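Values quoted throughout were computed directly from the atomic coordinates according to the rules given, and no laboratory measurement underlies them. Owing to the predicted nature of the structure, the values given are computational and were not obtained by experimental measurement. Cβ sites come from the backbone with ideal geometry, for glycine too, and all protein chains shown count toward neighbours.
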Amino acid sequence: MQHFLSVHDAPDIEALVQEALALKKTPFAFDQLGKNKTIGLLFFNPSLRTRLSTQRAAQNLGLNTMVMNVGQDSWGLELDEGVIMNGTSAEHVKEAAAVMGKYCDILAVRAFASLTDRERDYAEVTMEQFKKYAGVPIVNLESATRHPLQSLADCITIEEYKTKPRPKVVLTWAPHFKSLPQAVANSFCEWMNRRDLEFVVTHPEGYELAPAFLGNAQVTHSQEEAFAGADFVYAKNWSSYHQYGQVLTQDAAWMITQQKMDLTNNGKFMHCLPVRRNVKVTDEVLDGPQSIVVEQAGNRVWSAQVVLKRILEGL
Ligand code: CP
């Protein structure tokens, strides 16, 4: 594996999932693989799980880690080419990425969507610039349109908890008062569409995801219909793609309740976290026996570790 920016860098998801599950059983089996090598973790945005799980995964492989909050610990970065740099950004990504590539063998980057300029967000400017200038493998720690390490952890979690060969997996929009990116939902669709399962997406009208990500997923505007017989319910809020970045509704009727979970096939409740309690999902569901959100977050270590292992093997 050279870079890990999307599902397109993971041609064999099943093998990746099985290898991740094997690493979960023997976390230190490859603790010499990263010896004398360093990964740099660059955060343009906050993180709990991604930051700590990726560091833990790197440490399990013997990698040194450097972590930097871009623009807080470092200079603000200019990403556009040919600009007169008389604004707030003191350094261009051209030099910054190239310099960091001299210090690190792998660079991992988190850079969220602006939610103001769809064309620019969907062009993945930050990831593409790092890929162009760093000269080392780049790992996506959540970009404007994707969160592939999360999606791989979700695949691992579904594999662990499924009770039938071809489970029904539902991605449901859930209400939120802030404008949130489409990245987790987009990425989840991309990965689920490549797995052997029944995949249904449900959301209020106006929250249609980009067709390139939605693929052949079934779509319904009836949450109850989607939940019927579901083996997994994956809740996430996202802002509108077509009316880009807008919050079109905060309808509390879309919140995940136990009454709705009772429509499922004793389905497991998943969320990438962080989650706003009693906004997206009730305490009863989150604290109940069907919730596997903590186990899901725990699997972020194994998704990161298998990806870093594959990259290290290619260096
Ligand atoms: N799910 C996830 O990416 O969590 P963080 O934003 O805390 O990293």
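For 80, 287, which order do you get if you count the other beta carbons within 10 Å of each Cβ and list the fewest first?
Values: 80 12, 287 9.
Taking fewest neighbouring Cβ atoms as first place, the list is 287, 80.
Can you list the residues, at least 5 places off or on another chain, whose amide H is less than 5 Å from the amide H of residue 248, using H built in the peptide plane?
When sequence neighbours closer than 5 places are left aside, the close amide H contacts are 240.
Using 0.36 nm per residue of separation minus the Cα-Cα distance, give me the extension gain between residue 212 and residue 262 in nm, one decimal.
Values: separation 50, 0.36 × 50 = 18.00 nm, distance 3.23 nm.
Answer, rounded to one decimal: 14.8 nm.
In whole Hz, with x marking every Gly and Pro, tabulate ³J(HN,Hα) for region 103-117 from phi via Karplus 6.51 cos²θ - 1.76 cosθ + 1.60, θ = phi - 60°.
Residue by residue, region 103-117 yields 8, 10, 8, 9, 10, 10, 10, 10, 8, 6, 5, 6, 6, 10, 9 Hz.
Along region 137-153, what does the Karplus equation 6.51 cos²θ - 1.76 cosθ + 1.60 (θ = phi - 60°) give for ³J(HN,Hα), rounded to whole Hz, x for Gly and Pro?
Once θ is set to phi - 60°, the couplings for region 137-153 become x, 10, 10, 7, 9, 3, 10, 4, 10, 8, 9, x, 5, 5, 5, 5, 4 Hz.
If r is the Cβ-Cβ distance from residue 85 to residue 123 and R0 is 22 Å, what FRET efficiency results, to the nearest 0.05?
Values: r = 21 Å, r/R0 = 0.94.
According to the calculation, E is roughly 0.60.
Using a cut-off of 13 Å between beta-carbons, work out the net charge of the residues near residue 74 (Lys and Arg +1, Asp and Glu -1, residue 74 not included). Walk me through the intermediate numbers first.
On the way: positive: none; negative: 73, 78, 91, 95.
Overall, the nearby charge balance is -4.
Work out, step by step, the length gained on full extension between residue 13 and residue 26: first 0.36 nm times the residue separation, then minus their alpha carbon distance; give nm to one decimal. Please report the intermediate quantities before stating the final value.
Details: separation 13, 0.36 × 13 = 4.68 nm, distance 1.99 nm.
Once the chain is fully extended between residue 13 and residue 26, it gains 2.7 nm.
What ranking, highest mean first, results for peptides 214-223, 227-236, 161-170, 83-92 when packing means the other Cβ atoms within 10 Å averaged over each residue?
Working: 214-223: 14.3, 227-236: 21.9, 161-170: 16.1, 83-92: 11.7.
Ranked from most to least packed, the peptides come out as 227-236, 161-170, 214-223, 83-92.
If I model a spin label as a point 7 Å beyond the Cα along the Cα-Cβ vector, how far apart are those points for residue 287 and residue 2 in nm?
5.1 nm
Excluding residues fewer than 8 places away in the same chain, name every one of the lysines whose C-alpha is closer than 30 Å to that of residue 178.
168, 236, 260, 268, 280
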